[in-house]
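To start, the structure under review is shown below, and the notes come after it.
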Amino acid sequence: MSVTSPESIDCDINHLGQVFTPPAVVDAMLALVRNCGRVLEPACGDGAFLQHFPFALGIEIDARHAPAGARVMDFFELPESESFATIIGNPPYVRYQDIVAETRRHARHSVLDGRANLYLFFIEKCLRHLAPGGELVFITPRDFVKATSAVPLNRLLHTAGTITDFVDLGDSRLFDGATPNCAIWRFERDNFSRRTRYAVHGVADGLAGMTRLQWEERHFVESGGHLLFTRGDYALQLADIAFVKVGAVSGADDLYANEEYGNRSFVCSATLTTGDTRRMLWCEPGQPPPAVLLPHKDRLIARRIRPFDESNWWNWGRGYHQSVQPRVYVNCKTRRPQPFFVHRCTHYDGAVLAIFPRDQAVDVQALAAALNAVDWADLGFVCDGRFLFTQRSLEQTPLPECLRAFLPGDGVRSQANLPLRQPLSPSISQRRKAPMGRK
């Protein structure tokens, strides 16, 4: 929802996603509008965008904030027969479980499911209201392009047209009380150029810097339901050479991480930097509760990571793929310039991902070096200098031709003895930049 001034306004962030859109962001989004015709601002608040389009339709569910002339209604009740040349705004950011029940009922025919945030349902609903050649200009969390919950929507977007403009806002804190990394973007229905103007606006640039964006042209790519904006072409997917597994999550590390009574060492976020593992108390399913955890029973039952009761309260919140197979590790979030590494320890926690080659004879040291040589920023995994990896997005990401050597049967074979851990330097040159061209 978009409003321009926070003074004396009672906002419901949790259920309606009501936040304030800074004027600099409004101006940057207005600069992306190219169409002439009927305009819609859904969740219009007091009309941060609506005021720039005198004959536009504004929709606002909360009568306390609706400007004069706006329809006070749930956007999901709008008949699909109404179409628009331009839809612009800041859709509400609300977890599925916090979405108002009536809105969930109206959105039940969506391609999305109960994992999806409300802003994703807004995007899909808007697509249904775009006229041929219509444009959608939104500011949203940037992670939808790689979110598992958004896979059906991303496929729909790619099938229906092209994201013609994308501004990665990095770590810029734009909204009071809301902190996701955001992006401003424009989608155009029936545009299949697959070309995107792409710009990065980091936290150091400040809001004033949004008037001085440095644009470059990139390819608009869909891979396994994830969207990318790449400079070059890519020949294969990581899923062709490896599968990715998430690490174990205790849900109470302060209780399970202990050098005294820990019974298993885990690769953790610090391992990349120090090479050290962390000693944890691992509870194998089916085993009785450790005595040391008995004083904390009530707290452990209350963990929200999954349901716990008298039969399992001491177990971890999430297990992990247990295997002796060699693998490459990577931190889910890190600023280290070479995030992929190898370690002999076969246990790993939720701060890291484990990449298992499909060919078990592959040299994992060489694979880690090759992955460190990939331009991950080009593939959309870097935000304001920080790598951001998730299981599905990493597994489905395209890779350059040089990684073909790690395909099953083609591979770079492992050596007999691997060192415990070494800093890895790229051994494979950066991929060749492909020229831009219509795809």
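Read the figures in this text as sums done on the coordinates, not as results from a lab. Everything numeric here is computed off the predicted structure, so don't read it as measured data. Cβ coordinates were reconstructed from backbone atoms using ideal geometry, including for glycine residues, and neighbour counts include every protein chain displayed.
Only lysine pairs 8 or more places apart or on separate chains count here, and in the chain those with Cα atoms under 24 Å apart total 6.
When Rg is the radius of gyration of the Cα atoms in the chain and Rh is its Kirkwood radius, what does Rg/Rh come to?
On the way: Rg = 24.0 Å, Rh = 23.8 Å.
Rounded to two decimals, Rg/Rh equals 1.01.
I need the shape label for segment 2-229. Rule: rounded when a/c is under 1.5, else prolate if a/b > b/c, else oblate, with a, b, c from the alpha carbon gyration tensor. Rounded is the answer for segment 2-229, as its axis ratio a/c remains below 1.5.
Sorting Ile123, Ile87, Ile301 by the number of Cβ atoms found within 10 Å of their own Cβ, with the fewest placed first, yields Ile301, Ile123, Ile87. Most simply put, segment 2-229 has about 60% antiparallel DSSP beta bridges, counting only bridges with both residues inside it. Relative to the longest principal axis of the Cα atoms of the chain, the long axis of helix 151-160 lies at roughly 50 degrees.
Its DSSP H runs of at least 4 residues, each contributing -39,500 (n - 2.57), put the calculated 222 nm mean residue ellipticity of the chain at -4000 deg cm²/dmol, to the nearest 500.
What does the C-alpha gyration tensor say about the overall shape of segment 36-86? Classify as rounded when a/c is under 1.5, otherwise prolate if a/b is larger than b/c, or oblate. Verdict is oblate for segment 36-86. When you count the other C-beta atoms within 10 angstrom of each residue and take the mean per peptide, 51-63, 354-366 line up highest first as 354-366, 51-63.
Here the scattering of segment 240-406 is modelled by Debye summation over its C-alpha atoms, one equal scatterer each and no solvent; at q = 0.18 Å⁻¹ the log10 of I(q)/I(0) is -1.10.
To the nearest 0.05, what FRET efficiency results for Leu30 and Glu310 with a Förster distance of 56 Å applied to their C-beta separation? Please report the intermediate quantities before stating the final value.
Numbers: r = 58 Å, r/R0 = 1.03.
Efficiency, rounded to the nearest 0.05: 0.45.
Antiparallel versus total DSSP beta bridges in the chain: what percent is that, nearest 5?
Details: 47 of 66 bridges.
Of the beta bridges lying entirely in the chain, close to 70 percent run antiparallel.
Label-to-label distance for Gln287 and Thr148 is 2.6 nm, based on points extended 7 Å past Cα in the beta-carbon direction.
You can think of it this way: the chain between Asp171 and Trp215 has 14.0 nm of extra reach, that is 0.36 nm per residue less the Cα-Cα gap. Between Pro42, Pro132, Pro92, the GNM of the chain built on Cα springs shorter than 10 angstrom shows Pro132 fluctuating the most. Length gained on full extension, Val111 to Arg128, computed as 0.36 nm times the residue gap minus the Cα-Cα distance: 4.9 nm. Structure remark: mean-square fluctuation, Gaussian network model of the chain, C-alpha springs under 10 Å; the largest value among Val137, Val100, Val292 belongs to Val292. Placing a label point 7 Å from the Cα of His321 along the Cα-to-Cβ direction, the residues of segment 230-255 whose backbone N falls under 14 Å of that point are 238-248. Relative to the longest principal axis of the Cα atoms of the chain, the long axis of helix 118-129 makes an angle of roughly 50 degrees. If you average the alpha carbon positions of segment 276-337 and of segment 22-87, how far apart do those two centres end up, in angstrom? A separation of 47 Å, based on Cα centres. Sorted fewest first by neighbouring Cβ atoms within 10 angstrom, Cys36, Cys383 come out as Cys36, Cys383. At full extension, Thr159 and Gln360 could sit 68.7 nm farther apart than now, given 0.36 nm per residue minus the alpha carbon distance.
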